[in-house]
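The values are calculated or read from the model by the stated rules, or taken from the named source; none is laboratory data. Since this is a predicted model, take the numbers as computed values, not measurements. In this analysis, Cβ positions are derived from the backbone assuming ideal geometry, glycine residues included, and neighbour counts consider all displayed protein chains.
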């Protein structure tokens, strides 16, 4: 068996210097039938290691539960890495950021307001203990000294940007060591003096996160750690997209030059991301630094391997640089051709609010939040009876994140957290008032991690409280189940409605669902949730993994929230992630 250790200047594999040349692939953002392909392409670029986060919230959707099937089979992923002859780095958090829903922390954790966030609070630590026990149960038998691929694990994630509870980091370290982890443990922080100081603890090897000015930033890291290998364990080579912004790209030439400077210094690296993948389902996170901005569905990240697994210009530029420092395989990945196109009519399949009436309801005096009803809900539907025979102004305390206001069955407007909207003029409410509240993604970075969702601070009409609500909660599986049978094919789609399309496939292969003719909503194919779409962009396509399709007839379901000008399902020959600038 092998041994991996930290030497005076280098990482050591069986006593010999080993430079970590790693690339990030998040197993939960990639269809499992594509793992081997993406990992192989990393090796062909010149990498020797694959790094991944572990998303606590997906693995443990309920307290005490553990899910490890399909996209969440970490054991299979790590064994696939080993089968390609590569090493692995595992970063279990428990907080991972990753532009992921709630930074990877389960929403159920914060249903109790007394639970601490990223600190040594007893309830928080009790939940983490169970989580890390599960993680180490998978990872420990796959460490390098047991014949497996894992050479490093990380404690927390950019903790110095959040807190300075050294005892918390030491508690996490003890949990990992107690779970049988023997490989070196690391931390990562931006190369800022205060962050490196606050995010470190004895026995943990410091690494840095940055994407430019490599020499300068490695100098800052070295000033905090006189010995041991230098490493950028998050070498940012692109960036993520948020709804309402442009598609972010970076120069392949500049990124390659910074990578070369880092390697010339003798440092190790983890390219973040080598292959970004997709926020399948409703897993995207959000940022809120005064303005709430949800993350887009694509996590392409302008990475060397794009969202569909095709090499980009950055792939070839990085491969040329890596070839100066390691032996490259002769094999190179083939270029992808255009994806199958085509279209099919979308047929009406029922109204969301009417279908949701079949779900169980909770009765409350005041409008409840997500934590009070169902922590993992994607939507809450609140309904109250008749209120006034005259027009009025509806006001709420705060919206998290988007509310469709429906009066007597007719949508009359939207209140958005992003635009800090709290008031809307409504017509007379003679029969019912309904509020459909959408969770657009939980904040993944900063002090707002773990916050509640919903309509906060109550609902008023012309200043008078609205009381007496019946609330129904809908998680992502509920949404798909509420779609009805396909009926007529309309010319356009109204808001808050389902539509279904059937299309033929000769041979399953990756496709790109063209969303340019749709409004805002969620799409599924053969029961697999592709994620959210939105006409405000930037992205105009949703990636459809080939393994989701089947030969013959396939079914697409769309939940259209805002209304679409066309009732047509279209496929494009390639991705369209939006304009590069406004």
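Taken over the range 540-582, residues that are in contact (Cβ under 8 Å) with a residue 40 or more places away in the chain and part of a loop (DSSP other than H, G, I, E, B) amount to 20. Flag: residue 441 does not match the condition of being part of a loop (DSSP other than H, G, I, E, B) and surrounded by fewer than 14 Cβ atoms within 10 Å (Cβ to Cβ). For the range 146-170, filtered to residues that are surrounded by fewer than 19 Cβ atoms within 10 Å (Cβ to Cβ) and in contact with a helix residue (DSSP H, G or I) (Cβ under 6 Å, 6 or more places away or on another chain), the residue that is nearest to residue 61 (Cα to Cα) is 161. Residues of the range 506-527 that are buried (at least 17 other Cβ atoms within 10 Å of the Cβ) and either assigned to a strand (DSSP E or B) or in contact (Cβ under 8 Å) with a residue 60 or more places away in the chain (or both): 510, 511, 512, 513, 514, 520, 521, 522, 523, 524, 525.
Please verify whether residue 129 is touching a residue at least 12 places away in the same chain (Cβ under 8 Å) and over 29 Å from residue 371 (Cα atoms), treating the condition exactly as stated. Considered against the rule, which asks whether it is touching a residue at least 12 places away in the same chain (Cβ under 8 Å) and over 29 Å from residue 371 (Cα atoms), residue 129 comes out as no. Among the residues of the range 148-165, those identified as within 17 Å of residue 74 (Cα to Cα) and more than 22 Å from the chain's Cα centre (by Cα) are 148, 149, 150, 151, 152.
Only one of the numbered conditions (1) farther than 17 Å from residue 254 by Cβ; (2) touching a strand residue (DSSP E or B) at 6+ places or on another chain (Cβ under 9 Å); (3) in contact (Cβ under 8 Å) with a residue 40 or more places away in the chain is violated by residue 335, and that is (3). On the given criteria, is residue 441 under 21 Å from residue 532 (Cβ atoms) and in contact with a helix residue (DSSP H, G or I) (Cβ under 9 Å, 6 or more places away or on another chain)? For residue 441, the condition - under 21 Å from residue 532 (Cβ atoms) and in contact with a helix residue (DSSP H, G or I) (Cβ under 9 Å, 6 or more places away or on another chain) - is met. Restricting the search to strands (runs of 3 or more DSSP E) fully inside the range 145-229 and requiring at least 1 residues that are without any contact (Cβ under 8 Å) to a residue 40 or more places away in the chain and under 18 Å from residue 270 (Cβ atoms) gives 185-189, 205-210.
I'd like to check something: does the range 25-37 contain any residue that is surrounded by fewer than 24 Cβ atoms within 10 Å (Cβ to Cβ), farther than 20 Å from residue 548 by Cβ and either in the same structural domain as residue 543 (by TED's automatic domain parsing) or touching a residue at least 12 places away in the same chain (Cβ under 8 Å) (or both)? Checking the range 25-37: not a single residue is surrounded by fewer than 24 Cβ atoms within 10 Å (Cβ to Cβ), farther than 20 Å from residue 548 by Cβ and either in the same structural domain as residue 543 (by TED's automatic domain parsing) or touching a residue at least 12 places away in the same chain (Cβ under 8 Å) (or both). Residues that are in contact (Cβ under 8 Å) with a residue 12 or more places away in the chain, touching a helix residue (DSSP H, G or I) at 6+ places or on another chain (Cβ under 8 Å) and surrounded by fewer than 18 Cβ atoms within 10 Å (Cβ to Cβ) number at least 2 in the following strands (runs of 3 or more DSSP E) confined to the range 361-426: 362-364. Yes or no: the range 268-287 includes at least one residue that is part of a helix (DSSP H, G or I), on the phi < 0 side of the Ramachandran plot and in contact with a strand residue (DSSP E or B) (Cβ under 9 Å, 6 or more places away or on another chain). The answer is no; no qualifying residue exists.
Of all the criteria given as (1) touching a helix residue (DSSP H, G or I) at 6+ places or on another chain (Cβ under 7 Å); (2) surrounded by 22 or more Cβ atoms within 10 Å (Cβ to Cβ); (3) part of a loop (DSSP other than H, G, I, E, B), the one not satisfied by residue 300 is (1). Only one of the listed residues (322, 352) is surrounded by 12 or more Cβ atoms within 10 Å (Cβ to Cβ), under 30 Å from residue 487 (Cα atoms) and under 30 Å from the mean Cα position of the chain (by Cα). That residue is 352.
Are any residues in the range 131-145 surrounded by 23 or more Cβ atoms within 10 Å (Cβ to Cβ) and farther than 24 Å from residue 106 by Cβ, and if so, which ones? Within the range 131-145, just 143 meets the criteria.
Quick grid of which residues meet (1) part of a loop (DSSP other than H, G, I, E, B); (2) modelled with pLDDT of 95 or more:
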site: 1; (1), (2): yes, no
site: 47; (1), (2): yes, yes
site: 64; (1), (2): yes, no
site: 80; (1), (2): no, yes
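The set of residues in the range 533-566 that are farther than 24 Å from residue 494 by Cβ, surrounded by fewer than 23 Cβ atoms within 10 Å (Cβ to Cβ) and within 24 Å of the chain's Cα centre (by Cα) comprises 538, 546, 547, 548, 549. Checked against the criterion of being farther than 19 Å from residue 31 by Cα, buried (at least 19 other Cβ atoms within 10 Å of the Cβ) and touching a helix residue (DSSP H, G or I) at 6+ places or on another chain (Cβ under 7 Å), the candidates 496, 569 yield just one match: 496. The residues of the range 471-487 that are crowded, with 16+ Cβ neighbours inside 10 Å and either closer than 16 Å to residue 363 by Cα or without any contact (Cβ under 8 Å) to a residue 12 or more places away in the chain (or both), listed by number, are 471, 472, 473, 474.
Screening residue 113 against (1) more than 25 Å from residue 299 (Cα to Cα); (2) out of contact with any helix residue (DSSP H, G or I) (no Cβ under 7 Å at 6 or more places or on another chain); (3) part of a helix (DSSP H, G or I) leaves a single unmet condition, (3).
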